[in-house]
Ligand code: SF4
């Protein structure tokens, strides 16, 4: 071993990649199969994710996951961020990591959702069960981190329950009435319905018991003082005809999407691999115009190359939906256009239901994945 090699071994960042007889990279055709999905007209190929250390051992290449390499190459680039949705690029990651974030976002991030509905009156055409189900799906715009989970033995209090009431009546002779989510009124003092057996006219000094036991009003808590609890507006709950009436109280509690989809904080969370569209040969003049006209999402543009000639260029590969129409332009077009997906580059989209902004949802998902990893480490050690 040379002095330089011995020095490297002393270095904490030493890895097998530093050994002089380990090739830096694979031959191009293997590197292509490792890093790209090739989307042919009939089916995609090279779809597997190869992270096995011995996959290319016969070539002298170590293909195992390298922490240093991951740290150097991993990045997140936010491409679009609004109040409700977010698109970002997750670069240098394995599909299993992207999928872990997707699954955590859908199933393991808590929100508040209506779980119990106390119906006092319902003469509408919607059955009680259907009405309760519709109410459960209305997103509640409140930070779930301010609340605790409620178990079967807990009594509903200001820390684990939000109470709404609604009373709508379509009077005879009036047009039909549409009852919407904004008609739900937050009750910061908890339920107004008395427990069975309680007498409202009781002379006792203690207050009659209701279905909740709030020790204080929620709007007196600092976290809600300037931020009242509300629901997403404009969601239709019911349509009432003349003479019909609904009156109920709805109690929301904290839960997770893996128990019921109503607690999922995302309308959707999904990802796709970054498209790569390559013209394998020049596509000129009439062929170029045909190609541009074929693509439904305008991936291609025409470039003037002088002498009255034009050629097609790939202008917006990110928009490619993999419809493969460009491979069907004519015979043998698979030899002219190559459609690929980059295996370690994901376009990730999060659509929030409104409880938390999408960027907060992602950071919370990262924390959950981190906790899971720590749990695995502590159980293995
Ligand atoms: S696969 Fe479809 S969307 Fe993608 S470049 Fe070809 S025609 Fe356009």
- Note on the structure: Considering residues that are touching a strand residue (DSSP E or B) at 6+ places or on another chain (Cβ under 7 Å) and assigned to a loop (DSSP other than H, G, I, E, B), the number found within the range 234-254 is 2
- Query: Mind checking whether some residue in the range 362-373 is within 16 Å of the ligand (Cβ to nearest atom) and either in contact (Cβ under 8 Å) with a residue 40 or more places away in the chain or closer than 23 Å to residue 35 by Cα (or both)?
  - Reply: no
- Note on the structure: Counting only helices (runs of 4 or more DSSP H) entirely within the range 45-139, those with at least 3 residues that are within 28 Å of residue 271 (Cα to Cα) are 67-73, 95-107
- Query: residue 4 fails exactly one of the following numbered conditions: (1) at pLDDT 65 or above; (2) more than 27 Å from the chain's Cα centre (by Cα); (3) part of a helix (DSSP H, G or I). What is the number of that condition?
  - Reply: (1)
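State the number of residues belonging to the range 310-327 that are outside any loop (DSSP other than H, G, I, E, B) and either closer than 18 Å to residue 293 by Cβ or near the ligand (Cβ under 10 Å from one of its atoms) (or both).
Taking the range 310-327 first, the residues outside any loop (DSSP other than H, G, I, E, B) are 310-314, 317-319, 325-327.
Checking which are either closer than 18 Å to residue 293 by Cβ or near the ligand (Cβ under 10 Å from one of its atoms) (or both) leaves us with 310-314, 317, 319, 325-327.
The number of residues fulfilling the criteria is 10.
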- Item | Subset of the range 277-309 that is in contact (Cβ under 8 Å) with a residue 12 or more places away in the chain and in a helix (DSSP H, G or I) - its residue that is nearest to the ligand (Cβ to nearest atom) | 294
- Note on the structure: Scanning the range 331-343 for residues that are more than 13 Å from the ligand (Cβ to nearest atom) and either free of Cβ contacts under 8 Å to residues at least 12 places away in the same chain or surrounded by 12 or more Cβ atoms within 10 Å (Cβ to Cβ) (or both) gives 331, 332, 342, 343
- When you go through (1) under 24 Å from residue 115 (Cα atoms); (2) over 33 Å from the mean Cα position of the chain (by Cα) one by one for residue 172, which number turns out not to apply? (1)
- Consider residue 354 against the criteria (1) within 16 Å of the ligand (Cβ to nearest atom); (2) on the phi > 0 side of the Ramachandran plot; (3) crowded, with 17+ Cβ neighbours inside 10 Å: it satisfies all of them except one. Which criterion is unmet? (1)
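For the range 347-373, how many residues are part of a strand (DSSP E or B) and farther than 16 Å from residue 106 by Cβ? Please lay out each step first, then the result.
Keep residues of the range 347-373 that are part of a strand (DSSP E or B), which gives 347-352.
Add one more test, that the residue is farther than 16 Å from residue 106 by Cβ, and what stays is 347.
Summing the residues that are part of a strand (DSSP E or B) and farther than 16 Å from residue 106 by Cβ in the range 347-373 gives 1.
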- Task: Would you check if residue 233 is within 30 Å of residue 134 (Cα to Cα) and touching a residue at least 12 places away in the same chain (Cβ under 8 Å)?
- Result: yes
- State whether one or more residues within the range 255-266 are over 30 Å from residue 74 (Cβ atoms), in contact (Cβ under 8 Å) with a residue 40 or more places away in the chain, away from the ligand (no atom under 16 Å from the Cβ) and assigned to a loop (DSSP other than H, G, I, E, B). yes
- Item | Unmet criterion (only one of (1) assigned to a loop (DSSP other than H, G, I, E, B); (2) over 30 Å from residue 164 (Cα atoms); (3) in contact with a strand residue (DSSP E or B) (Cβ under 7 Å, 6 or more places away or on another chain)) for residue 150 | (2)
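Out of the range 26-40, which residues are surrounded by 11 or more Cβ atoms within 10 Å (Cβ to Cβ) and either in contact with a helix residue (DSSP H, G or I) (Cβ under 8 Å, 6 or more places away or on another chain) or in a helix (DSSP H, G or I) (or both)? Reasoning before the result, please.
Narrowing the range 26-40 to residues surrounded by 11 or more Cβ atoms within 10 Å (Cβ to Cβ): 26-27, 30-40.
26, 27, 30, 31, 32, 33, 34, 35, 38, 40, listed by residue number.
Kindly establish whether residue 274 is within 13 Å of the ligand (Cβ to nearest atom), under 31 Å from the mean Cα position of the chain (by Cα) and at pLDDT below 95.
no
The values are calculated or read from the model by the stated rules, or taken from the named source; none is laboratory data. Here the structure is a predicted model, which is why all the values come from computation and not from measurement. Ideal geometry is used to build each Cβ from the backbone, glycine not excepted, and the neighbour counts take in all protein chains shown.
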